[in-house]
1. Which residue is nearest to the chain's Cα centre (by Cα), if the candidates are limited to region 87-104 and must be in a strand (DSSP E or B) and surrounded by fewer than 24 Cβ atoms within 10 Å (Cβ to Cβ)?
2. Please tell me if Ala140 is over 26 Å from Thr28 (Cα atoms), out of contact with any helix residue (DSSP H, G or I) (no Cβ under 6 Å at 6 or more places or on another chain) and either surrounded by 14 or more Cβ atoms within 10 Å (Cβ to Cβ) or modelled with pLDDT under 95 (or both).
3. Checking Pro45 against (1) open to solvent by 10 Å² or more (accessible area, probe 1.4 Å); (2) assigned to a loop (DSSP other than H, G, I, E, B), which single condition isn't satisfied?
4. Name the pairs whose Cβ atoms lie under 8 Å apart, with the first residue in region 57-71 and in a loop (DSSP other than H, G, I, E, B), the second exposed (fewer than 12 other Cβ atoms within 10 Å of the Cβ) and not hydroxyl-bearing (Ser, Thr, Tyr), and 6 or more positions between them or separate chains?
5. Scan region 151-183 for residues that are under 23 Å from Asn40 (Cα atoms) and of a type outside the set (Ser, Thr, Tyr) and jot them down.
6. Any chance region 105-127 includes a residue that's under 16 Å from the mean Cα position of the chain (by Cα), modelled with pLDDT under 95 and either more than 23 Å from Leu56 (Cβ to Cβ) or open to solvent by 20 Å² or more (accessible area, probe 1.4 Å) (or both)?
7. Return the total of residues in region 176-187 being open to solvent by 40 Å² or more (accessible area, probe 1.4 Å), in contact with a strand residue (DSSP E or B) (Cβ under 7 Å, 6 or more places away or on another chain) and assigned to a loop (DSSP other than H, G, I, E, B).
8. Considering only region 159-209, state which residues are of a type in the set (S, T, N, Q) and over 21 Å from Ala149 (Cα atoms).
Amino acid sequence: MCRFSPIVLIVLNILASTAAWSQGAKPTVTAVANVASYANGSISPGEMVVIFGTGLGPSNVVSLQLDQQGRIANTLSQVQVSFDGNPAPLIYVSAKQISAMVPFGVTVKSSTQIQVAYQGSTSDSFQKPITPSAPGIFTADSSGQGQAAMTNADGSYNTSSNPANPGSYVTLYLTGEGQTNPVGSDGNIATSAANVALPVTVLIAGRTAQLLYAGSA
């Protein structure tokens, strides 16, 4: 994945718009949430978020592209998302839903103002509180609830019919872990390990699991 550090490795879609948004139609942001858990609370530096609203972008989903420096682009199909004026790397864009990475520059702030620009028109500011971490685990059915999207020690997908053996390790994926070490850089692709800077504890059935690795994937 990417060193924008949206997704952390722990070892142990969209309705088409029914109306054509003409140039100049003002985007409207209604919610900003963790893309994995859909939690609607505080957001953290480097987190992958999902932005809901109307008139946010093109009717069809457009997926991420790399810029000339090989980083995830912050302009996609005439869409930009900014946090306090700083453009964010874009994972995908569409009329009613956008996924973007929270810039690491919000680390020192208590809140941030989010705006979406599309075809020259800019939404009103949408304020979100900032916290050092706001972890959300990706789930098997992408609903933000139920079983985690998890693999077993042999790389097979963990399910009720293919459970992990006691004493083995499993791999979970999440976003919202906060700053990393080395320090995260907006939009850069992860080519080496970057550990989560904050302390990490994993509980399974209420019991603390042995943590082998927590960092970029």
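The values are calculated or read from the model by the stated rules, or taken from the named source; none is laboratory data. Here the structure is a predicted model, which means the values were calculated and not measured. In this analysis, Cβ positions are derived from the backbone assuming ideal geometry, glycine residues included, and neighbour counts consider all displayed protein chains. Ligands, DNA and RNA are excluded from the accessible area calculation, which covers all protein heavy atoms including side chains. Shrake-Rupley method; radii C 1.70, N 1.55, O 1.52, S 1.80 Å.
1. Across region 87-104, the extreme among qualifying residues is Ser99.
2. yes
3. (1)
4. Final answer for the pair search is Ser59/Ala16; Ser59/Ala20; Asn60/Ala16; Val61/Asn13.
5. Leu172, Leu174, Gly176, Glu177, Gly178, Gln179 - these are the residues of region 151-183 that are under 23 Å from Asn40 (Cα atoms) and of a type outside the set (Ser, Thr, Tyr).
6. Scanning region 105-127 turns up at least one residue that is under 16 Å from the mean Cα position of the chain (by Cα), modelled with pLDDT under 95 and either more than 23 Å from Leu56 (Cβ to Cβ) or open to solvent by 20 Å² or more (accessible area, probe 1.4 Å) (or both).
7. Number satisfying all stated conditions: 1.
8. Result: Gln179, Thr180, Asn181, Ser185, Asn188, Thr191, Ser192.
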